[in-house]
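One structure is given here, and the rest of the page talks about it.
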Amino acid sequence: MREGQELLIKNSAPVPHNINVTGNPKKNPGFNVLLPASGQYKAPALKADRFPLQASCNIHPWMNARIAVFDHPYFAITDDDGNFEIKGAPAGNYRIKVWHESVGWRGGAAGRDGEKIVIKNGGTDLGKLELKAKYDD
């Protein structure tokens, strides 16, 4: 999401859930709120940060997510086939960061800083960005 957008968390289940969000305490101190069945919660304003916030349900420990907050529009989530497109990125030198729940950062710990890419006028096709099952950190 973009910094400045409102995050409304909804519980559409017939049972209560808990939303426990943790992040960088200096930027996003987090919150821990009980959501009753069919309840909702407007999260406090979230600030852009280098790493995503972690969200979990203390009642149902298998439920978890990440919330990435950006101060720019150049990010994407892949579709079911792993494809993505970032429209309108200006030409220049950048770093692309790839993260997956089961693997972590593409390239291991060094991937947290991203991989250098060059975007040319008219766009850039990065080809296939593969993720390994395990990276050496």
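What to note about this one:
- Condition met for residue 108 (modelled with pLDDT under 90 and of a type outside the set (A, V, I, L, M, F, W, C)): yes
- Conditions (1) outside any loop (DSSP other than H, G, I, E, B); (2) surrounded by 12 or more Cβ atoms within 10 Å (Cβ to Cβ); (3) modelled with pLDDT under 90; number of the one not met by residue 124: (1)
- Sole exception among (1) surrounded by 11 or more Cβ atoms within 10 Å (Cβ to Cβ); (2) on the phi < 0 side of the Ramachandran plot for residue 107, by number: (2)
- Criterion applied to 79, 49 was being surrounded by 13 or more Cβ atoms within 10 Å (Cβ to Cβ) and either closer than 23 Å to residue 2 by Cβ or of a type in the set (Ser, Thr, Tyr) (or both), and the one residue passing it is 49.
- Any chance residue 92 is exposed (fewer than 15 other Cβ atoms within 10 Å of the Cβ), in contact (Cβ under 8 Å) with a residue 12 or more places away in the chain and either on the phi > 0 side of the Ramachandran plot or polar (S, T, N, Q) (or both): yes
For every residue, the table says whether it meets (1) part of a loop (DSSP other than H, G, I, E, B); (2) at pLDDT 95 or above; (3) in the same structural domain as residue 100 (by TED's automatic domain parsing); (4) within 30 Å of residue 95 (Cα to Cα).
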residue	(1), (2), (3), (4)
14	yes, yes, no, no
21	no, yes, no, yes
29	yes, no, no, yes
33	no, yes, no, no
46	yes, yes, no, yes
61	yes, no, no, no
75	yes, no, no, yes
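The values are calculated or read from the model by the stated rules, or taken from the named source; none is laboratory data. These figures come from a predicted structure and were not determined experimentally. When we count neighbours, we look across all protein chains shown, and the Cβ atoms used for this are built from the backbone with ideal geometry, even at glycine.
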